[in-house]
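The values are calculated or read from the model by the stated rules, or taken from the named source; none is laboratory data. Remember, predicted model here, so these are calculated numbers, not experimental data. Cβ atoms come from the backbone with ideal geometry, glycine included; neighbour counts cover every protein chain shown. The protein model used for the area step is the full one, side chains on, heavy atoms only, and it has no ligands, DNA or RNA in it. Shrake-Rupley method; radii C 1.70, N 1.55, O 1.52, S 1.80 Å.
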Amino acid sequence: MKINNFTPKVLAFTLGLFVMAFGVALSVKANLGVSPISCVPYVFSLKYPLTLGETTIIMNVFLILLQMVLLRKRYQLFQLIQFPVIFLFGIFIDFTLHLISWLNPVSYAGQASTCLLGCVILAFGVFLEVKAGLTYLPGEGLAMAITQTFKIEFGKTKIGVDSSLVLIGIVSSLGLLSGISGIREGTVAAAVLVGFIVRFLNRKINFLDVWLNIKPEEEKATPNKDVKGPVAPHLVITISREYGSGGREIGKAVAEKLGLKFYDKNLIELTAGKSGFTREYIEQHEQKLAHTLLYDLYEQEYAYINERKPPLNALFLVQSKVIREIFRKESCVIVGRCANFILKDQPGCVNVFVHANGEFRKNKIVNEYGVQPDKADKVLERTDRERSNYCTHYTGKVWNDATNYHLTVDSSLLDIEATADLIVETVKAKQLTLA
């Protein structure tokens, strides 16, 4: 790290620590429950003649030692900077508690407002800390150590660490105080809101990037991001499809009729070669997003660290790049993978959506895919929902909206060959229009 870039990072990080401490102090004053990372020290500060800042320091020292035990020789000596950081953080907590010692909201509305304000301020402090990128607080550092040691996704590890701290806080409170203290609805609010707010701030606040010399980085793939300069007039037909509509077979037939390369499962191999993800992982996770809300809750954990992207985000970015590289190289047919959005506005791209009625699709997945008849309806609903959620999450578009396509086809009205012929005629007509 260059010296001339180090000073602003230190200043931003230190300011972030102070702001985070102020957020913690507000949550204490709200008396509706503190954030997960403060649950344990808060309980011990009520039992023993120690301040919240002091118990915070003690707990975080323990978390740093756990990192060392887990990583051993892989522990980076630079991360010893966490020791002075947490001492400073503890001092800031006690100082900000002293600054607002006069604040004692009585009504529930006042407590709730103070709690929400604390969440916002805590999130802004985390935002500054992550932007500075000097180190992690010990809680995130422990999650990173567990991730590196046991090869568990950071998001899952972070949720596990936070949940464990809350559980330890509950058990400690019951054992030491004969009741639960410091863990209430405010704790849940902090766990849910802080990460969301940090992600929002990362998207909306960019003025610090120039000061900290941070290069902008896209979280989501943008159309044609890698398509630069003159592009050969390749023809690319994208086939989006409802599950069981026969979209894959139709796409393959279109490719054969036009003499084009066909991309579907082979995209998995290409993505695996460029991403480091295993073929099995890609098969299990591409084009699938079961619950957008649950994934948002999981994804927000990555807001606490700027070194990693959620695996599904990274997978989408790599696969998008693969599709754009294919577009530059050759004419082809591509099935699924949001290719119609990734290649948006390219004149040589024809986007098709294949759908069919429920009975047709149900018969197909039962007779051809081996799905049990009593499970067919649920499989259809789940698979379409996963594809729709995936599309909306990464493109902001409605998956089965006809306006996103040049042609929509009901495959239950024609056989595969006839449907493919219809698409081929549409492609030829579009090419004549562009000629």
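Accessible surface computed residue by residue for the stretch 45-89, with neighbouring protein chains in place and a 1.4 Å probe, gives 60 Å² per residue.
Explain nothing, just the number: relative contact order of the stretch 291-435, from Cα pairs under 8 Å at least 6 residues apart, as a whole percent. Please list the in-between numbers first.
Details: 86 pairs, mean separation 37.9, N = 145.
The normalised contact order for the stretch 291-435 reaches 26 percent.
Using a probe radius of 1.4 angstrom, the carbon and sulfur fraction of the accessible surface of the stretch 88-212 is 71%.
The mean sequence separation of alpha-carbon pairs under 8 Å and at least six residues apart, normalised by the residue count of the chain, gives a relative contact order of 19 percent.
Other residues whose C-beta falls under 14 angstrom from the C-beta of A21 contribute a net charge of -2, scoring Lys and Arg +1 and Asp and Glu -1. From the coordinates of this entry, semi-axes √(5λ) of the Cα gyration tensor in Å is computed, and it appears in (i) 51, 24, 19; (ii) 35, 27, 20; (iii) 33, 29, 19 under the label (i).
So which helices of the chain fit the span-like rule, where a helix is a whole DSSP H run, its Cα atoms reach 20 Å or more along the axis, and its mean Kyte-Doolittle is at least -0.5? Helices meeting the span and hydropathy rule in the chain are 3-30, 52-71, 82-99, 108-132, 154-177, 185-204, 311-329, 416-434. Placing pseudo-labels 7 Å out from each Cα toward the beta carbon at W102 and K257 gives an inter-label distance of 7.9 nm.
Once the 1.4 Å probe is applied to the protein heavy atoms, the stretch 321-435 comes out at 50 Å² accessible per residue. Solvent-accessible surface of protein heavy atoms, probed at 1.4 angstrom with all chains present, puts E301, E368, E330, E325 in the order E368, E325, E330, E301, largest first.
Sketch the reach of a paramagnetic label on T149 as a point 7 Å from Cα along Cα-to-Cβ, and name the residues of the stretch 52-91 whose backbone nitrogen lies under 12 Å away. 63-75, by backbone N distance to the label point.
Non-local lysine pairs in the stretch 316-422, meaning eight or more places apart or on different chains, with alpha-carbon distances under 27 Å, amount to 12. Between A429 and M68, the distance separating the two model label sites (each 7 Å from Cα on the Cα→Cβ line) works out to 7.3 nm. Label-to-label distance for I81 and T292 is 3.9 nm, based on points extended 7 Å past Cα in the beta-carbon direction.
Summed over qualifying helices (DSSP H, 4 residues or more, each -39500 (n - 2.57)) and divided by its residue number, the chain shows a 222 nm mean residue ellipticity of -20500 deg cm²/dmol.
Within the stretch 362-382, which residues have the backbone N less than 18 Å from the label spot 7 Å out from K265 along Cα→beta-carbon, could you tell me? Those under the cut-off are 365-371.
With a Förster radius of 22 Å applied to the beta-carbon distance between R248 and D377, the computed FRET efficiency rounds to 0.60.
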